[in-house]
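Q: Dropping the structure in here first, questions after.
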Amino acid sequence: MNTEKFFTEEEKRIFFSKYRELFNTLSESLEKDDVPKIRQLLRPVVALECYSRDRNGVNGLLRNIETALIATKDIGLKRTSVLALILYRPVLKKAITTEEVEMAFNADVSLIINRLLKTSDLYARNTAINSENFHRLLFSFAEDVRVILIMIADRLCMMRMGKNITEDNDRIRLATEVSYLYAPLAHRLGLYKIKSEFEDLSLKYLDPKQYYYIKDKLNETKRSRDIYIEKFIEPVRKKLHDAGLKFDIKGRIKSIHSINSKIKKQKVEFEGIYDLFAIRIVLDSEKEKERADCWHVFSIITDMYQPNPKRMRDWISVPKTNGYESLHITVLGPQKRWVEVQIRTQRMDEIAEKGLAAHWKYKGGQEEHGLDEFLADVRAVLETQGATPMDLMKEFKMDLYQDEIYVFTPNGDLIKLGKGATVLDFAFAIHSKIGRRCISGKVNGRNVPIKYVLNNGDTIEVITSPTQTPKRDWLSFVATSKARSKIKQALREEYAKNAELAKEQLQRRMKNRKADIEDAVLMRYIKKKGYKSVTDFYVDIAEGKLDINSVIDECIEQEQKEKEMLDHTETRSAGEYVANIEAKELSTQQDILVIDKNLTGIDYKLAKCCNPIYGDPVFGFVSTQGVKIHRMDCPNATEMRTRFGYRIIPAEWSGKGTSGYTVTLRIVGNDDISIVTNITSVISKENRVSLRSINIDSVDGLFQGTFTIIIPDISSLKILMKKLQCVKGVKNIHRMN
């Protein structure tokens, strides 16, 4: 290997350090001659530039070895998966074949490589996931859980190398893909540490200003937070030591992404977030004493500090599907502050850090066994006939983040469902036929409707009827993707069946009346009636919303009118046709925005969904109406990037903002007219700011007002919002989209 040509000096140092670390970590699972075989296969491969740098200058071999190290150390994958990961790229580049890999190692290694090849278009282009290739990606995932874990390792490697990605667009696409798919997948597979890192890095690349704001705030408050944590821990440490327990206890800061989510959800400033950390107690316990020791610690903590029973989580008695076990309690600590305490053993902690792979280790299973229930659900959703790829994306992501509840059949069998699941969800979990025929249920012996929301520990009996059929309103209250996909499938089948019967009925009636209506006339009639599809038209006939005889009469009348018009219409030259084209709405902010790095003078419009103003971080979206400018945090940004990443173009403000931009502020405060007067007074005194409209509602002693203003730029808006926040009686103020 000509390392001088292939690596910089720094890269060479990093590579050989990582290389040694990787094979030291894998030493127990590797066979005796694995390393020589890898060297033999890879030596000619490097010369063929299979691991060449990508367009951002990232060294392919360094990326490969970093990914393999993440797969082993952070996820816990062993020999088979790591060999497949190392040899995947040479097979992709056709430098070696899967047959050679199989001959050198085994069929399982080549099997994983073949499954990874199905996702090669995503690796090669590094584009955001659109709905079609998302569908193909899920099929690969459903075949082998190791494919998910390897791709999670690769994406984490790329996110850590984010500073080396020179193209801003590539970094944003990667961060969007990770936040949309890989962070939820890591969550579902129990890789909570990786999930948090994914979310933090995604926020860093998608909203760097907010990321560094929270990071700086955490650094500023570190000293006082450390003092408080130690004050809380010290008496607990003494009590646990006196009880003869072996343990490790420490404070854990919440992730930046988690803090940001709380700021947005609760609509408060950083200072308004009080649960910035949790205390984790990790016990060194023997397997048979784990539960008893955890509950012993629980008893000690709740004797010392008042617990909040509503915020207790017991995942020791019934672990999560991904193997996660822990006791979570929230107690009232010193200075009347709520503190979350997590209690687990070393084995549980490793499963919490490494998720599925650590669960295999302790269960003595093999890698390929995986999360059978999870993958079965994925397959069930994928096999739903007629489901669009976008439906699959929404269902899949929703199901990934669901918390779990545990309920029982009358025979005592345990069923795991998503939080918010109903009796109908339970029925579909038992069997699709039972779900379709469900009319009600008995929960703990009491009759309840099908939309009744289940709780942990409920015992459910499903009551069915042979005459029951799925209804569209069922979709409004079911919580699981399996139930929703099966209901949609049943409705589509019923819909198509009714439409076909109505079509046959219409044709018979036309034949009986000897009405020979052309298909083109019928299609124009359906369109004139405002139907989006022919199926909708026939379903309305089937449901009696349209009378067949009236339809035939109106079609005959329309056909006669069209013939009369054709007879009386003079032939005119095509040259006399005058196109009725609407004038384009041109932007008034000429050259304020630079589109695609170096282009100016391009017509654009500011998107109404997020109303960007001068100074907002923005991007351009090429639509059928031209370039639309959106804020980076636009509520539609994620979907645009995931579905239409190729239409995204960079955009940035230049010069100085000279125009006025419309912004709507929502302000909540005490119900006092003088406060509203003070708010309008502050606005009117601001330079280059004017009030356009105001709308006030009073509810329960508070006013809620929307103030639409014209403002020159984001700096002026921030200054104004700070001044408005200082108005006495104002509780909350935020900018609306």
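Q: Does Asp54 count as charged (D, E, K, R), open to solvent by less than 10 Å² (accessible area, probe 1.4 Å) and at pLDDT below 85?
A: no
This table checks each residue for (1) more than 19 Å from Ile259 (Cα to Cα); (2) open to solvent by less than 10 Å² (accessible area, probe 1.4 Å); (3) touching a residue at least 24 places away in the same chain (Cβ under 8 Å).
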| site | (1), (2), (3) |
| --- | --- |
| Cys157 | yes, yes, yes |
| Leu185 | yes, yes, yes |
| Glu199 | no, no, yes |
| Gln210 | no, no, yes |
| Pro235 | yes, no, yes |
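Q: Given Ile316, Ile329, Ile279, which one is of a type in the set (A, V, I, L, M, F, W, C), surrounded by 17 or more Cβ atoms within 10 Å (Cβ to Cβ) and either assigned to a loop (DSSP other than H, G, I, E, B) or in contact with a Cys (Cβ under 9 Å, 6 or more places away or on another chain) (or both)?
A: The unique qualifying residue is Ile316.
Q: Being part of a helix (DSSP H, G or I), touching a Ser or Thr at 6+ places or on another chain (Cβ under 7 Å) and at pLDDT 85 or above narrows it down to one residue among Thr72, Thr80; which is it?
A: Within the list Thr72, Thr80, the selection yields Thr72.
Q: Looking at the range 447-464, is at least one residue under 17 Å from Lys488 (Cβ atoms), in contact with a Lys or Arg (Cβ under 7 Å, 6 or more places away or on another chain) and not charged (D, E, K, R)?
A: No: the range 447-464 contains no residue that is under 17 Å from Lys488 (Cβ atoms), in contact with a Lys or Arg (Cβ under 7 Å, 6 or more places away or on another chain) and not charged (D, E, K, R).
Q: Kindly check whether there is at least one residue in the range 690-697 that is in contact (Cβ under 8 Å) with a residue 12 or more places away in the chain and part of a loop (DSSP other than H, G, I, E, B).
A: no
Q: Separate question: Condition first: surrounded by fewer than 15 Cβ atoms within 10 Å (Cβ to Cβ) and assigned to a loop (DSSP other than H, G, I, E, B). Now tell me which residues in the range 420-441 satisfy that.
A: Scanning the range 420-441 gives a single hit, His431.
Q: Could you list, in sequence order, the residues of the range 645-655 that are open to solvent by less than 50 Å² (accessible area, probe 1.4 Å) and under 24 Å from Leu203 (Cβ atoms)?
A: The answer is Gly645, Ile648, Ile649, Pro650, Ala651, Trp653.
Q: Could you run through the range 447-493 and say how many residues are over 23 Å from the mean Cα position of the chain (by Cα), small (Gly, Ala, Ser) and in a helix (DSSP H, G or I)?
A: 1
Q: Now a separate question. State yes or no: is Leu42 in contact (Cβ under 8 Å) with a residue 24 or more places away in the chain, crowded, with 20+ Cβ neighbours inside 10 Å, in contact with a Pro (Cβ under 9 Å, 6 or more places away or on another chain) and part of a helix (DSSP H, G or I)?
A: Judged against the criteria, Leu42 is a match.
Q: Out of the range 687-713, which residues are among the aliphatic types (A, V, I, L, M) and open to solvent by 30 Å² or more (accessible area, probe 1.4 Å)?
A: Leu691, Ile694, Ile696, Val699, Leu702, Ile710
Q: Of all residues in the range 252-276 being hydroxyl-bearing (Ser, Thr, Tyr) and part of a helix (DSSP H, G or I), which is farthest from Glu340 (Cα to Cα)?
A: Among them, the one singled out is Ser261.
Q: Can you find even one residue in the range 161-183 that is closer than 29 Å to Arg337 by Cβ, without any contact (Cβ under 8 Å) to a residue 24 or more places away in the chain and not hydrophobic (A, V, I, L, M, F, W, C)?
A: No, that holds for no residue.
Q: Could you say which residue among Lys204, Lys195, Lys163 is modelled with pLDDT under 85, within 24 Å of Leu69 (Cβ to Cβ), outside any loop (DSSP other than H, G, I, E, B) and open to solvent by 10 Å² or more (accessible area, probe 1.4 Å)?
A: Lys163
Q: From the set of residues in the range 630-644 that are outside any loop (DSSP other than H, G, I, E, B) and open to solvent by 10 Å² or more (accessible area, probe 1.4 Å), which is farthest from Tyr205 (Cα to Cα)?
A: Arg643
Q: If you don't mind, there's one more thing I want to ask. Is it the case that Tyr661 is surrounded by 17 or more Cβ atoms within 10 Å (Cβ to Cβ), among the aromatic types (Phe, Trp, Tyr) and under 34 Å from the mean Cα position of the chain (by Cα)?
A: Judged against the criteria, Tyr661 is a match.
Q: Still on this structure, please answer the following. Output the number of residues of the range 261-298 satisfying the condition of being polar (S, T, N, Q) and within 18 Å of Met312 (Cβ to Cβ).
A: 0
Q: With respect to Ser623, determine if the residue is touching a Ser or Thr at 6+ places or on another chain (Cβ under 8 Å) and surrounded by fewer than 18 Cβ atoms within 10 Å (Cβ to Cβ).
A: Criteria not met by Ser623.
The values are calculated or read from the model by the stated rules, or taken from the named source; none is laboratory data. Computed from a predicted model, the values in this text were never measured in an experiment. Neighbour counts are summed over all protein chains in view; Cβ atoms, including those assigned to glycine, are modelled from backbone coordinates with ideal geometry. The accessibility values were calculated without ligands, DNA or RNA, using every heavy atom of the protein model including side chains. Shrake-Rupley method; radii C 1.70, N 1.55, O 1.52, S 1.80 Å.
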